[in-house]
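The values are calculated or read from the model by the stated rules, or taken from the named source; none is laboratory data. Given the structure is predicted, the values throughout are model-derived calculations rather than measurements. Note that we place each Cβ from the backbone using ideal geometry, even for glycine, and neighbour counts take in every protein chain shown. Quick note on the areas: whole protein, heavy atoms, side chains included, nothing else; ligands and nucleic acids left out. Shrake-Rupley method; radii C 1.70, N 1.55, O 1.52, S 1.80 Å.
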Amino acid sequence: MLIGLRILMLTVIAGMFVFFIILLRKQKIELRYCLVWLLSLVGIAVFCIFPHILDRLSALLGIDTPVNTFFLICIAFLACICISLTVVVSRLSDRLRKLTQNIAISEFESKSNSTKSD
């Protein structure tokens, strides 16, 4: 890999790292989600600094080019992110439904209690 490309990639990675830290400090993102992205940036930086690791991993997996191995890793990572976010959304949807039902029951009970006292 060309040194200029490596420097560009590391600059972009550093910029994204700073961006996620700013999001975390402004409390726009939760720590657990931020850590996943920060760790992935560190992983990409390791592949950028030591490209022979990707070459060896490609040979181990039987993939012809390291770029394809990198894309495979990225696709697997994004699939894991999608699955975890789907679980979070499903859990929040269930909690919202239960909360809405509890509020409706509370309002119904408070209205029925106020009509009985009149």
statement: For the range 76-93, in residue order, the Karplus 3J(HN,Hα) values (coefficients 6.51, -1.76, 1.60; θ = phi - 60°; whole Hz; Gly and Pro = x) are 5, 4, 5, 5, 5, 4, 4, 5, 5, 5, 5, 5, 5, 5, 5, 5, 5, 5
query: Taking Cα pairs under 8 Å and at least six residues apart, what relative contact order does the chain come out at, in percent?
result: 16
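Let me check I've understood the local charge: for I103, count other residues with C-beta under 13 angstrom from its C-beta, Lys and Arg +1, Asp and Glu -1. What total comes out?
Here the charged neighbours net out to +2.
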Theoretical gain in end-to-end length, I81 to A59 [0.36 nm per residue, Cα-Cα removed]: 5.3 nm
query: With r defined as the distance between the Cβ atoms of H52 and V12 and R0 fixed at 22 Å, what FRET efficiency is calculated, to the nearest 0.05?
result: 0.55
message: 7 Å from Cα along Cα→Cβ at both K111 and C74: what's the point-to-point distance in nm?
response: 5.4
- request: Enumerate the calculated ³J(HN,Hα) couplings along the range 14-28 in order (Karplus 6.51 cos²θ - 1.76 cosθ + 1.60, θ = phi - 60°), each rounded to whole Hz, writing x wherever the residue is Gly or Pro.
  value: 5, x, 5, 4, 4, 4, 5, 5, 5, 4, 5, 5, 7, 6, 8
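Give the longest segment of the chain that steers clear of trypsin sites (Lys or Arg not before Pro) in DSSP loops with at most 14 neighbouring Cβ atoms within 10 Å, not counting the sites themselves.
Looking at the chain, 29-118 is the longest stretch - no exposed trypsin sites (Lys or Arg not before Pro) with at most 14 other Cβ atoms within 10 Å.
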- request: Express the carbon and sulfur contribution to the solvent-accessible surface of the chain as a percent, rounded to the nearest whole number, probe 1.4 angstrom.
  value: 71
Structure-based [θ]222 nm, the chain - -39500 (n - 2.57) summed over DSSP H runs of at least 4, per residue, nearest 500: -31500 deg cm²/dmol
- request: Translational diffusion coefficient, Stokes-Einstein: compute it for the chain using the Kirkwood radius over C-alpha pairs as Rh, at 20 °C and 1.002 mPa s, and state it as an integer in µm² s⁻¹.
  value: 117
